[in-house]
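Quick notes on the structure that follows.
The values are calculated or read from the model by the stated rules, or taken from the named source; none is laboratory data. Remember, predicted model here, so these are calculated numbers, not experimental data. Neighbour counts are summed over all protein chains in view; Cβ atoms, including those assigned to glycine, are modelled from backbone coordinates with ideal geometry.
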Amino acid sequence: MFISRIPLNMARLSAKQLLDSPYRMHAAVESAFPPGSVRESGEGRILWRVDLSESDHSVWLYVVSPEKPDFTHIVEQAGWPLRAEWETKDYSPLLDRVAKGQQWRFRLRANPVRKARTDEGKCSRANSDKIIGKIQGHITVAHQLQWLLDRAEKNGFKILTADGEPDVVVKQRHRESFKRGGGTVTLTTAVFEGGLEVTDADLFRRALCCGIGRAKGFGCGLLTVAPVRNK
């Protein structure tokens with residue numbers, strides 16, 4: 001597995017077009033790999049995420065992939081071709097040292113959703129059969145946070161607590177729509193940042209390589225970690 005990052009130049013129209021359409025960004029990321037190459041394997045799959053820095057307003061595209069990518073086309077179209085290249089690192093050293101009991105800071109952009117069991121909307125009961133069973137996005141911070149807490153154990157981690165509360169910030173919450181073919185895709189997304197502890201090393205490695213939740217092709221599901229910094 002490999003992890004890469006590419007700086008995006010938001011002064012360029014093509015960069016704005018990529019950010020405005022997860023479908024276009026998905027196609028651009030997929031094009032970093034030759035036709036017929038492995039897109040998904042037992043080790044993992046292609047995952048990507050766009051990070052917006054709140055400190056310096058920089059924008060980075062992060063990608064995890066089973067094969068080493070070539071992002072020349074993205075740099076030429078949406079980056080700084082004369083000054084900045086992309087960075088790609090072997091992900092194996094980090095994956096190999098994952099162990100139960102480790103604590104990490106994490107970042108995850110996800111598509112928190114539920115399958116509706118009842119009609120909780122404004123539709124009349126006569127139309128409730130059109131609601132029940134459909135996938136609906138969680139729109140409140142509390143529900144989005146609970147979505148993550150409910151999925152932590154099966155992905156090999158638990159959320160740390162601070163002063164008795166989950167050590168997680170839920171931010172950059174959006175409901176976004178974009179064209180895909182002849183239709184429109186609507187996603188509810190949120191970014192989670194906080195602290196976690198590994199409870200199952202194998203499940204956690206799988207979460208890092210295969211992602212968490214739905215809409216993985218549209219920039220959701222990529223979990224990244226960083227060491228806990230001592231205060």
- Query: Within the range 214-231, how many residues are surrounded by 19 or more Cβ atoms within 10 Å (Cβ to Cβ), of a type in the set (A, V, I, L, M) and either in a loop (DSSP other than H, G, I, E, B) or modelled with pLDDT under 95 (or both)?
  - Reply: 2
- Note on the structure: So, first residue in contact (Cβ under 8 Å) with a residue 40 or more places away in the chain and farther than 20 Å from PRO7 by Cβ in the range 84-95, second residue surrounded by 13 or more Cβ atoms within 10 Å (Cβ to Cβ) and of a type outside the set (Lys, Arg), Cβ within less than 7 Å, six or more apart or across chains; the pairs are ASP90/PHE2; SER92/MET1; LEU95/MET1; LEU95/LEU208
- Query: Under the condition of being crowded, with 18+ Cβ neighbours inside 10 Å and among the polar types (S, T, N, Q), which residue from the range 176-213 is modelled with the highest pLDDT?
  - Reply: THR189
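If you check ARG12 against the conditions, is it over 23 Å from CYS210 (Cβ atoms) and in contact with a helix residue (DSSP H, G or I) (Cβ under 7 Å, 6 or more places away or on another chain)?
When the stated conditions are applied, ARG12 passes them.
Residue-wise test of (1) outside the structural domain of ARG24 (by TED's automatic domain parsing); (2) of a type in the set (Lys, Arg); (3) out of contact with any helix residue (DSSP H, G or I) (no Cβ under 8 Å at 6 or more places or on another chain).
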position: ARG175; (1), (2), (3): yes, yes, yes
position: PHE178; (1), (2), (3): yes, no, no
position: GLU193; (1), (2), (3): yes, no, yes
position: VAL198; (1), (2), (3): yes, no, no
position: ARG206; (1), (2), (3): yes, yes, no
position: GLY217; (1), (2), (3): yes, no, no
position: LEU223; (1), (2), (3): yes, no, no
- Going through the range 132-159 one residue at a time, which ones are surrounded by 14 or more Cβ atoms within 10 Å (Cβ to Cβ) and small (Gly, Ala, Ser)? GLY137, ALA152, GLY156
- Number of the exception - ARG49 against (1) loosely packed, with under 14 Cβ neighbours inside 10 Å; (2) modelled with pLDDT of 95 or more; (3) charged (D, E, K, R): (1)
- The residue from ARG151, ARG105, ARG114 that alone is at pLDDT 95 or above and under 20 Å from LYS216 (Cα atoms) is ARG151
- Considering the range 1-55 alone, what residues qualify as being of a type in the set (D, E, K, R), under 18 Å from VAL191 (Cα atoms) and free of Cβ contacts under 8 Å to residues at least 12 places away in the same chain? GLU54
